[in-house]
Amino acid sequence: MEFVDGVLLIKSFLTVTIGIVILFLGKRLNDAVEVLQEYSIPEPVTGGLICSVLIAVVYLATGVEIEFDLAARDVLLVYFFTTIGINSSLKDLLNGGKPLIILLVITIGYMFVQNITGLSVAKFFGLQSQVGLLGGSISLIGGHGTAIAWAPRVAEGYAISNAMEIGIACATFGLILASLMGGPIGKLLITRYNLKPAVQEAMDVGVSDENKADEKIDYLAFLDSVLAIHVCIIFGLILNEAIGKAGPQLPLFVTCLFAGIIITNCIPESFPRWSGTRWPSRKPSIALLADISLGTFLAMSLMSMQLWTLVDLAGPILAILAAQLLVAVLVTLFIVFPAMGKTYDAAVVCAGFGGISLGSTPTAMANMSSVSKRYGPSHLAFVIVPLVCAFFIDLVNAVMIPFFLSNF
């Protein structure tokens, strides 16, 4: 830890340690508070939000600002998406072709509506239209990364000096709302339509609540999965560098996701391996590693939010977010669910769409993980949702944001 100019900087190793403690806190609270279980609120969300509130209280009481070194958090994100790639077979991807296209088309249309919503609320408050875009796809479906990337351009080009603060505030509140809405939406649809998984599949993330006692993982199986993940990440790093030289700049976790898919589908099941076992796709050890990396990543993300920076912008931002939340819920319930077939898989996709619409890719995955642990696995959802929100959204946003900035 370092203390500099009123800022307490907590370094990477300690940040991970605190993240694990926060995850345990969320687990204990979810076990103790039935409503949190009932609505499938992810455990890292419970613990992370409480931690961020406590840190805000410390700042308001003492003036001491606590910051976390989040370098290790980004590594966990790469780990998680690599496990999703390892679990994806070519057959699954082909089967997911039509649902993937449907979800992508809906998401693109939703991004357009999200920007129109932000513009409309900004106009109502007499604000510049670009403020509404900062409360649209720039910060919500785009997340913190897109907000940070575009805010300086908005500030410089349209004389909005606090563009960065607006973007970060919308992304932060959006992340909270996305974390809280996915589970209840999934529960509502599953219980209302009495939905169940069509087939019993292995879990993509973690183990189901019903089968926890039956899942046995020894240290060799665990290490074998770690080794497979590292092989895919190395390939993903090479792929990322090659694509970067060709022009497009993709996040590392996207190319590692593709690397996992490519390697999984190129290795025959009978291929001899150093461990004496087959490639660990769909194995409990991979699902456990996915659970560990996603849960710790999300706990670290939420506990590091600096809520006190959002107070001065609360009025217009809350109005924009309230409108965006209403639109997101309506689109999820009345467009996404019917279009995806009103099946159990569709309900889990809707839980994920709640994370996409206002939050981030990890939030979407955490929402789906929480629902699937309670009600059953949905491999289709874990194939198509990350492909839409981890890859296509960034490409669409790269075209849509300049269009709206120059025409509205």
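Between 157, 126, 183, the distinction of being farther than 24 Å from residue 402 by Cβ, open to solvent by 10 Å² or more (accessible area, probe 1.4 Å) and either part of a helix (DSSP H, G or I) or without any contact (Cβ under 8 Å) to a residue 12 or more places away in the chain (or both) belongs to 126 only.
Those helices (runs of 4 or more DSSP H) of region 1-91 in which at least 3 residues are of a type in the set (Ser, Thr, Tyr) and either in contact with a Ser or Thr (Cβ under 7 Å, 6 or more places away or on another chain) or surrounded by 15 or more Cβ atoms within 10 Å (Cβ to Cβ) (or both), considering only elements entirely within it, cover 43-62, 71-86. The set of residues in region 357-379 that are touching a Leu at 6+ places or on another chain (Cβ under 9 Å) and assigned to a helix (DSSP H, G or I) comprises 357, 358, 361, 362, 363, 365, 366, 369, 375.
Applying the criterion of being among the basic types (Lys, Arg) and under 23 Å from the mean Cα position of the chain (by Cα) to the residues of region 1-32, the residue that is nearest to residue 296 (Cα to Cα) is 27. A single entry from 118, 136 fulfils the requirement of being part of a helix (DSSP H, G or I) and small (Gly, Ala, Ser): 118. Among residues of region 282-312 being open to solvent by less than 30 Å² (accessible area, probe 1.4 Å) and more than 18 Å from the chain's Cα centre (by Cα), the one that is farthest from residue 366 (Cα to Cα) is 310. Evaluated against (1) of a type outside the set (Phe, Trp, Tyr); (2) buried (at least 23 other Cβ atoms within 10 Å of the Cβ); (3) free of Cβ contacts under 8 Å to residues at least 24 places away in the same chain, residue 351 falls short on exactly one condition, (3).
Could you please find all residues in region 241-264 being assigned to a helix (DSSP H, G or I), open to solvent by 40 Å² or more (accessible area, probe 1.4 Å) and either under 18 Å from residue 74 (Cα atoms) or in contact (Cβ under 8 Å) with a residue 12 or more places away in the chain (or both)?
Here is the first cut: in region 241-264, the residues assigned to a helix (DSSP H, G or I) are 241-246, 252-264.
Going one step further and asking which of them are open to solvent by 40 Å² or more (accessible area, probe 1.4 Å), we end up with 241-243, 245-246, 252, 258, 262.
Result: 241, 243, 252, 258, 262.
Annotation for region 104-113: no member residue is surrounded by 24 or more Cβ atoms within 10 Å (Cβ to Cβ) and either free of Cβ contacts under 8 Å to residues at least 12 places away in the same chain or more than 30 Å from residue 314 (Cβ to Cβ) (or both). Just to be sure, is residue 322 closer than 18 Å to residue 102 by Cβ, part of a helix (DSSP H, G or I) and of a type in the set (Gly, Ala, Ser)? No; evaluated as a whole, the condition is false for this residue. Among the residues making up region 129-140, those that are open to solvent by 10 Å² or more (accessible area, probe 1.4 Å) and either free of Cβ contacts under 8 Å to residues at least 40 places away in the same chain or within 27 Å of the chain's Cα centre (by Cα) (or both) are 130, 131.
Screening 360, 378, 369 for residues that are of a type in the set (Ser, Thr, Tyr), in contact with a helix residue (DSSP H, G or I) (Cβ under 7 Å, 6 or more places away or on another chain) and open to solvent by 10 Å² or more (accessible area, probe 1.4 Å) leaves exactly one candidate, 360. Yes or no: residue 98 assigned to a helix (DSSP H, G or I), open to solvent by 40 Å² or more (accessible area, probe 1.4 Å), at pLDDT 80 or above and closer than 27 Å to residue 287 by Cα? Yes: the conditions hold for residue 98. Restricting region 325-346 to residues that are crowded, with 19+ Cβ neighbours inside 10 Å and part of a loop (DSSP other than H, G, I, E, B) leaves a set whose member that is farthest from the chain's Cα centre (by Cα) is 343.
Sub-6 Å Cβ pairs linking a first residue in region 355-378 that is within 15 Å of residue 198 (Cα to Cα) to a second residue that is assigned to a helix (DSSP H, G or I) and small (Gly, Ala, Ser), at least 6 apart or interchain, are 378/372, ordered by first then second residue.
The values are calculated or read from the model by the stated rules, or taken from the named source; none is laboratory data. Predicted model only: the values in this text are computed from it and were never measured. Here Cβ is always computed from backbone atoms with ideal geometry, including for glycine, and neighbour counts include all displayed protein chains. For accessibility, only protein heavy atoms count, side chains too; no ligands or nucleic acids. Shrake-Rupley method; radii C 1.70, N 1.55, O 1.52, S 1.80 Å.
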